[in-house]
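What follows is one structure encoded as structure tokens, with my remarks underneath.
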Amino acid sequence: MKTEKWLSRGADFPASHLNWSLILHFSPREHWGPLDKVSGLLVSELDSFRDEVEVPLILTPVGEGAAYATKGHAPKSWHYCIEGRNEYARAVDVFPAWDFWRVALAALEWRWGGVGIYPFAKCGEIEGMLHLDLRVGERVVWWRDQDGVYRYFRTKDALLEDILRSFHERLQG
Ligand SMILES: [Zn+2]
């Protein structure tokens, strides 16, 4: 795992102030949402993660932005800018162009504070979306099953066990 390139966690700033020439894999013209509402640390972290997995990560094209949103997520979503907590959106939804499960496992090993796995979400021909965020405090990981039910866990092992059990039951079914 590479070290962070030039920033420490904590002191956040808007992605509109980011030096985008240092970002290798993303551009400010992608579907982030308004850059003055998106965390610069989030963009930087996603770029480092993209570099590590070596798979293109397509920002979710729907909604207000793949990072910033004002609706359509959980009530205290890290996509939202919430007074006194996150000034900038610190979550992003992406579709790995290929190797979905390898990238999902890499996300669980990475320093993301929250990871959501959506194996049945689709973007054109691509199936499988990841939610990645820089929440602080206790880690939360989850997946959305084929019935659209969100299943939350504290550890990646508990999450993976649940996913495997669910897929196993489908195979048996
Ligand atoms: Zn999300």
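The values are calculated or read from the model by the stated rules, or taken from the named source; none is laboratory data. Given the structure is predicted, the values throughout are model-derived calculations rather than measurements. Glycine gets a Cβ as well: all are built from the backbone with ideal geometry, and neighbour counts include every protein chain shown.
Can you name the residue in region 56-80 that is hydrophobic (A, V, I, L, M, F, W, C) and under 19 Å from Pro28 (Cα atoms) and is also surrounded by the most Cβ atoms within 10 Å (Cβ to Cβ) among such residues?
Ala67
Output the residue which, of all residues in region 41-65 that are among the charged types (D, E, K, R) and in a loop (DSSP other than H, G, I, E, B), is nearest to the ligand (Cβ to nearest atom).
Looking at residues that are among the charged types (D, E, K, R) and in a loop (DSSP other than H, G, I, E, B), I get Glu64.
Pick out the one residue from Glu64, Glu54, Glu83 that is over 22 Å from Trp20 (Cα atoms) and charged (D, E, K, R).
Details: Glu64 fails: over 22 Å from Trp20 (Cα atoms); Glu54 fails: over 22 Å from Trp20 (Cα atoms).
Testing whether each residue is over 22 Å from Trp20 (Cα atoms) and charged (D, E, K, R) leaves just Glu83.
Please determine, by comparing only the residues of region 137-147 that are touching a strand residue (DSSP E or B) at 6+ places or on another chain (Cβ under 8 Å) and in a loop (DSSP other than H, G, I, E, B), which one is farthest from Leu42 (Cα to Cα).
Here the answer is Gln146.
Please give the number of the condition Val140 fails out of (1) away from the ligand (no atom under 16 Å from the Cβ); (2) within 14 Å of the chain's Cα centre (by Cα).
That leaves (1) as the condition not met.
Just to be sure before I move on: is Lys37 surrounded by 21 or more Cβ atoms within 10 Å (Cβ to Cβ), more than 12 Å from the chain's Cα centre (by Cα) and either within 16 Å of the ligand (Cβ to nearest atom) or without any contact (Cβ under 8 Å) to a residue 24 or more places away in the chain (or both) in the structure I sent?
yes
Look at Tyr68 and say whether it is aromatic (Phe, Trp, Tyr), within 14 Å of the ligand (Cβ to nearest atom) and either modelled with pLDDT under 95 or over 25 Å from Asp12 (Cα atoms) (or both).
Against the criterion (aromatic (Phe, Trp, Tyr), within 14 Å of the ligand (Cβ to nearest atom) and either modelled with pLDDT under 95 or over 25 Å from Asp12 (Cα atoms) (or both)), Tyr68 does not qualify.
Quick check: anything in region 154-169 in a strand (DSSP E or B) and either without any contact (Cβ under 8 Å) to a residue 60 or more places away in the chain or away from the ligand (no atom under 15 Å from the Cβ) (or both)?
No: region 154-169 contains no residue that is in a strand (DSSP E or B) and either without any contact (Cβ under 8 Å) to a residue 60 or more places away in the chain or away from the ligand (no atom under 15 Å from the Cβ) (or both).
Looking at region 41-53, can you tell me whether even one residue there is modelled with pLDDT under 95 and surrounded by fewer than 19 Cβ atoms within 10 Å (Cβ to Cβ)?
no
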